[in-house]
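Here the structure comes first, spelled out in structure tokens, and everything after it is commentary.
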Amino acid sequence: MTPDPSQTGAVISVNISTETGIIKTPVPEIVIDERGIQGDAHAGDWHRQVSLLAAESIERFGEESERRFNWGEFAENITTRGLDLTRLALLDRLTIAETGVELEVSQIGKKCHGDGCAIYREVGQCVMPKEGIFCRVVQGGVLKPGSPITHTPRPLRIRTITLSDRASRGEYADRSGPAILKRLEEHFAGSRRCIEVDDSILPDDAAQLEQALRDACAAGEDVIFTTGAPATSPPTWSEPWPTRSSPASWNTSASSMAPKSPTPC
């Protein structure tokens, strides 16, 4: 599945608040560091350090509710124009080339606060829970209105490893690897997520499987599927598997083929 091409829009407002649960106020510029936006209440060591909302979404919502909304009123840190935020998927990147700022999409939408949200109390609904984008900071810098902002899709990288002595020798064609690919394509069809799948067939050998898993982790794979009757679980290693940087791993069989909802860890 080929990723959508990159797209570029513009930042039209940058907004902060010193408290959570209130609207944000436009400011001339923001300074982004590893914790988020300096001086903003939502900065911290978590995955929703910076939020974005499209001006087009705000204006459409305003027309539907017959009310004009100001930038920052939905508590977004960055208001954009000309950037289709509905195309963004988890792990995609947003960059501002002129200052080096880089953000990684970490959440799409959020739970509505309901009666705790002033806009919801006023009009009975809100746009941020459905169309807001949340990011973590990859690279900080200064950001001002007028800056171009570029979205670069980041495919979900998946590795399938089939363990079979006979298939690895070419005595018969592997069927479980292609079946996993088919299930993945069906699962992600019509979604924002694009996937890249690499597959390999190995002899039924624990040492080769261990090395293949380590190589996949080092290569930055997000999800690994192992298949083949003996591969009931990843091998036990003398060194611990690095929890934060390692991909999610599943074992599957010809009967199950793949989990119904594979997600990156």
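Worth pointing out:
- The listed residue being within 17 Å of residue 223 (Cα to Cα), part of a strand (DSSP E or B) and assigned by TED's automatic domain parsing to the domain that holds residue 211, out of 161, 180: 161
Matching residues to (1) surrounded by 13 or more Cβ atoms within 10 Å (Cβ to Cβ); (2) assigned to a helix (DSSP H, G or I):
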position	(1), (2)
42	yes, no
47	no, no
51	yes, no
58	yes, yes
61	yes, yes
67	no, no
72	yes, no
75	yes, no
89	yes, no
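- Residue 164 vs. criteria surrounded by 15 or more Cβ atoms within 10 Å (Cβ to Cβ) and at pLDDT 95 or above: no
- From the list 23, 32, the lone residue that is closer than 22 Å to residue 140 by Cα, buried (at least 16 other Cβ atoms within 10 Å of the Cβ) and in contact (Cβ under 8 Å) with a residue 60 or more places away in the chain is 32.
- Residue 12 β-branched (Val, Ile, Thr), within 18 Å of residue 147 (Cα to Cα) and in the same structural domain as residue 131 (by TED's automatic domain parsing): yes
- Screening the candidates 45, 84, 40 for the property of being in the same structural domain as residue 141 (by TED's automatic domain parsing) and touching a residue at least 40 places away in the same chain (Cβ under 8 Å) yields one hit, 84.
- Residues (within 23 Å of the chain's Cα centre (by Cα) and in a loop (DSSP other than H, G, I, E, B)) located in segment 1-39: 1, 2, 3, 4, 5, 6, 34, 35
- Of all residues in segment 127-160 being charged (D, E, K, R) and closer than 19 Å to residue 191 by Cβ, the one that is surrounded by the most Cβ atoms within 10 Å (Cβ to Cβ): 131
- Residue match in segment 54-63 (condition: within 19 Å of residue 32 (Cα to Cα) and in contact with a Leu (Cβ under 8 Å, 6 or more places away or on another chain)): no
- Taken together, the criteria place residue 158 among residues that are modelled with pLDDT of 90 or more, farther than 30 Å from residue 68 by Cα and touching a Leu at 6+ places or on another chain (Cβ under 8 Å).
- In segment 183-205, the residue that is nearest to residue 222 (Cα to Cα) out of those that are surrounded by fewer than 18 Cβ atoms within 10 Å (Cβ to Cβ) and touching a Leu at 6+ places or on another chain (Cβ under 9 Å) is 196.
- The residues on offer are 170, 220, 177, 190, and the sole one that is at positive phi and in contact (Cβ under 8 Å) with a residue 24 or more places away in the chain is 220.
- First in segment 197-213 and in the same structural domain as residue 225 (by TED's automatic domain parsing), second anywhere and surrounded by fewer than 17 Cβ atoms within 10 Å (Cβ to Cβ) and at pLDDT 95 or above, Cβ under 9 Å, 6 or more apart: none
- Enumeration of residues in segment 53-90 that are farther than 17 Å from residue 132 by Cβ and within 22 Å of the chain's Cα centre (by Cα): 82
The values are calculated or read from the model by the stated rules, or taken from the named source; none is laboratory data. Not measured: the values here are computed from a predicted model. Note: ideal-geometry Cβ built from the backbone for every residue, glycine included; neighbour counts use all protein chains shown.
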